[in-house]
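Please read the structure below before turning to the comments.
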Amino acid sequence: MTSPATPAQLGSVLYHLFMNHEGGPAVYHTLLTLDMFGVCMVNTLGALPIIYCTLACSPLLRSIALLAYTGLSSYGVFCAVTARSSFRRLRAFAWQALFCFFFYLRWVGLGTGHPTSLHSYLIMDGMAFLGGIINISQVPERWKPGCFDYWFNSHQIMHVLVVVSILYLHWGVVADLHWIANYACPKE
C-alpha cells in the first residue's frame, strides 16, 4: 500500500522538475524554499515514530520529547527556508540530527525498540550526513569542472545516498512498529 504524496514531497518534486527554469532568482528561491520545506518535513515525520518507540514506556517523557522535537524541527524549517547558502541549509538540519542522537541511548539500555532497528538508524544517519557533505563540497565536479554536468555530480550522488537513507529509515521504523505492537512495558 502506498500513501498519497504530501505537499512537502510535492515541493521537492517541483523544485527538481523546474530547477533549470529561466525565471530568475525569485522563482529559483521559491522553488528552493519548497524543496527545503519538503526535506525538513520528511526528516521530522520520519523521526516521530522513532521517538515514540524509544520512549514507549515513559509516556510523560515521550510527550515532552515529541513536543521538543516538533519545536526544534519547526525552527529547523525556518532556518532551512531562510538560509542563503548550501552550508547554512545543511546546518539547519543539525537541530534534528543532534536531537536524534538520544535514540542511540538504546544501546546502553535507556529506551525501548526493536534490537536491530538501531543498526538501520545508524546507517540512515550516516548516509544522509555523507550525502549532505558531498553535496555542499561539490565533489567530484570540483575536481574536474565540466565533466560531471550531466551525470555523477554531487547533487545526484547526494540524492542516491538520501534514497538509500530513507530505505534504512523505513526498515528501522517497520521493525520498531512490529516490535511495539507485541511489547508490554515492564510493571514498576
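Using 0.36 nm per residue and subtracting the Cα-Cα separation, the extra length available between Thr33 and Val174 on full extension is 47.7 nm. The relative contact order of the chain comes to 20 percent, based on Cα pairs under 8 Å that sit 6 or more residues apart. Neighbours of Ile51, meaning other residues whose beta-carbon lies under 15 angstrom from its beta-carbon, give a summed charge of 0 when Lys and Arg score +1 and Asp and Glu score -1. For the chain, Cys40, Cys53, Cys79, Cys100, Cys147 stand unpaired, since no other cysteine beta carbon lies under 4.7 Å from theirs.
For the chain, a Gaussian network of Cα nodes joined below 10 Å ranks Asn135, Asn43, Asn20 by mean-square fluctuation, and the top entry is Asn20.
Taking label points 7 Å from Cα along the Cα-to-Cβ direction, Leu98 and Arg84 give a separation of 2.3 nm. If R0 is taken as 25 Å, the Cβ-Cβ distance between Val163 and Ala68 corresponds to a FRET efficiency of 0.30. Here the accessible area of the chain is 71 percent carbon and sulfur, with a 1.4 angstrom probe and all protein chains present. Taking 0.36 nm per residue of sequence separation and removing the Cα-Cα distance, the Val13/Leu48 pair yields an extension gain of 10.3 nm. Largest mean-square fluctuation among Tyr69, Tyr28, Tyr168, in a Gaussian network model of the chain whose springs join Cα atoms under 10 Å apart, belongs to Tyr28.
The length gained on full extension between Thr116 and Glu188, counted as 0.36 nm times the residue separation minus their Cα-Cα distance, comes to 23.4 nm. Mean sequence separation of contacting Cα pairs (under 8 Å, at least six apart), scaled by the length of segment 32-140, corresponds to a relative contact order of 29 percent. Computed 3J(HN,Hα) for segment 60-70, one whole-Hz value per residue from the Karplus formula 6.51 cos²θ - 1.76 cosθ + 1.60 where θ = phi - 60°, is 5, 4, 4, 5, 5, 5, 5, 5, 4, 5, 5, glycine and proline marked x. When the Gaussian network model of the chain links Cα atoms closer than 10 Å, the mean-square fluctuations of Asp149, Asp125, Asp176 top out at Asp149. Sequence-ordered 3J(HN,Hα) estimates for segment 135-145 from the Karplus curve with 6.51, -1.76 and 1.60 and θ = phi - 60° stand at 5, 6, 7, 6, 9, x, 5, 5, 6, 9, x Hz, glycine and proline given as x.
The values are calculated or read from the model by the stated rules, or taken from the named source; none is laboratory data. Everything quoted here is computed from the prediction, not taken from an experiment. Counting neighbours? That spans all protein chains shown, and the Cβs are built from the backbone with ideal geometry, glycine included. Please note that ligands, DNA and RNA were not included when accessible areas were found on the heavy atoms of the full protein model with its side chains. Shrake-Rupley method; radii C 1.70, N 1.55, O 1.52, S 1.80 Å.
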